[in-house]
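Below is one structure, written out as structure tokens; the observations come after it.
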Amino acid sequence: MKVRELAVPGAWEITPDVHRDDRGTFVAHYVASAFTAAIGHPLRLGQNHHSVSRRGAVRGIHYADVPPGQAKVVTCTGGALLDVVVDLRTGSPTFGRWDSVRLDPVSCRAVYLEEGLGHAFVALEDTTVAAYLNSEEYDPAAEHEINPFDPALGLPWPDDMERLVSARDRNAPTLAEAERAGLLPSYAACRTVHHRGG
């Protein structure tokens, strides 16, 4: 597989080998030995889940308390989505920076993001399926959100579709509001979690 670090340190685009023949395709989005060699540490698997979204659905920006945080490998197995990673770690030299990758079942790309980074996406087609490998089990008490339409972030949501957003995300604080309220993970805490093995 090929790995490219994104503009947000701690996030990578992963392009796996895709095996095609007259039956179709086969791809391994996560292989522990190759992932560890490329990223530098393994992914502990706590939970696997997927979502199905209508065109224009925006999910995120979501993140979890650190520790333990929640690292993710995100893939798209149906439809297409624009995946966005945001640096929410206070004290990070790239605090507030974001990057995006188009994910779909043709390219078979994936995105890996470490603990403390925010995650969001918009579905570009109806019946878009996003699949996640998460380092920790979902804990609603430890989950938080940042408003995906925070004008200070200026995320690259397409203008040519109706946006479908949950009340939770639409009413979420901006990045500046969350920082003032002390809701964001610290860069130091995230590095400690990362260095103990994810």
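The values are calculated or read from the model by the stated rules, or taken from the named source; none is laboratory data. Everything numeric here is computed off the predicted structure, so don't read it as measured data. Cβ coordinates were reconstructed from backbone atoms using ideal geometry, including for glycine residues, and neighbour counts include every protein chain displayed. Ligands, DNA and RNA are stripped out before the accessible areas are found, and what is left, the full protein with its side chains, is counted by its heavy atoms. Shrake-Rupley method; radii C 1.70, N 1.55, O 1.52, S 1.80 Å.
Key figures for this structure:
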{"quantity": "Protein accessible area in the chain, 1.4 Å probe - carbon and sulfur %", "calculated": "51 percent"}
{"quantity": "Equivalent ellipsoid, region 58-198 (semi-axes from 5 times Cα gyration tensor eigenvalues, Å)", "calculated": "23, 18, 13"}
{"quantity": "Top of ASN171, ASN134, ASN147 by mean-square fluctuation, Gaussian network on the chain, Cα under 10 Å", "calculated": "ASN171"}
{"quantity": "Size-normalised alpha-carbon gyration radius of region 1-42, reference 2.2 N^0.38 Å", "calculated": "1.35"}
{"quantity": "Phi to ³J(HN,Hα) by Karplus 6.51 cos²θ - 1.76 cosθ + 1.60 over region 97-102, Hz, x for Gly, Pro", "calculated": "6, 9, 8, 9, 9, 7"}
{"quantity": "Student exercise, region 71-198 dipole from Lys, Arg, Asp, Glu Cβ charges, in Debye to nearest 20", "calculated": "400 debye"}
{"quantity": "For region 81-144 versus region 33-72, the gap between their alpha-carbon centres in whole angstrom", "calculated": "7 Å"}
{"quantity": "Region 49-198: antiparallel DSSP beta bridges as a percent of all, rounded to 5", "calculated": "90 percent"}
{"quantity": "Cβ charges +1 (Lys, Arg) and -1 (Asp, Glu), total dipole of region 66-106, debye", "calculated": "100 debye"}
{"quantity": "Amide H partners (placed H, <5 Å) of VAL18, local residues excluded", "calculated": "none"}
{"quantity": "Farthest toward positive dipole pole in region 1-119 [+1 Lys/Arg, -1 Asp/Glu at C-beta], among HIS119, SER33, THR90", "calculated": "HIS119"}
{"quantity": "Mean residue ellipticity (222 nm) of the chain, computed from DSSP H runs ≥ 4 via -39,500 (n - 2.57), nearest 500", "calculated": "-3500 deg cm²/dmol"}
{"quantity": "For ARG109, distant residues with modelled amide H under 5 Å away", "calculated": "ASP104"}
{"quantity": "Residue with peak Gaussian network fluctuation, the chain [Cα springs, cutoff 10 Å], from VAL27, VAL165, VAL73", "calculated": "VAL27"}
{"quantity": "About the Cα centre, charge dipole magnitude for region 33-97 (Lys/Arg +1, Asp/Glu -1 at Cβ), debye", "calculated": "160 debye"}
{"quantity": "Estimated vicinal HN-Hα couplings, Hz - region 45-51 in sequence order (Karplus 6.51, -1.76, 1.60; Gly, Pro = x)", "calculated": "9, x, 7, 10, 8, 9, 10"}
{"quantity": "Value in Å of the Kirkwood radius, where region 46-105 supplies the Cα pairs that are averaged", "calculated": "13.4 Å"}
{"quantity": "Farthest positive-ward along region 119-198 dipole, Cα basis, beta-carbon charges - from ALA178, ALA188, ALA131", "calculated": "ALA188"}
{"quantity": "GNM flexibility winner over the chain from ARG102, ARG20, ARG44 (Cα, springs under 10 Å)", "calculated": "ARG20"}
{"quantity": "Accessible area (Å², per residue) of the chain, counting only protein heavy atoms and a probe of 1.4 Å", "calculated": "46 Å²"}
{"quantity": "Phi-based couplings in Hz for region 105-121 (Karplus 6.51, -1.76, 1.60; Gly and Pro marked x)", "calculated": "x, 8, 6, 6, 5, 9, 10, 10, 10, 7, 4, x, 8, x, 10, 8, 7"}
{"quantity": "Fraction in percent of alpha-carbon pairs per bin - 5 Å, region 130-198", "calculated": "3, 12, 15, 22, 21, 16, 8, 2, 1"}
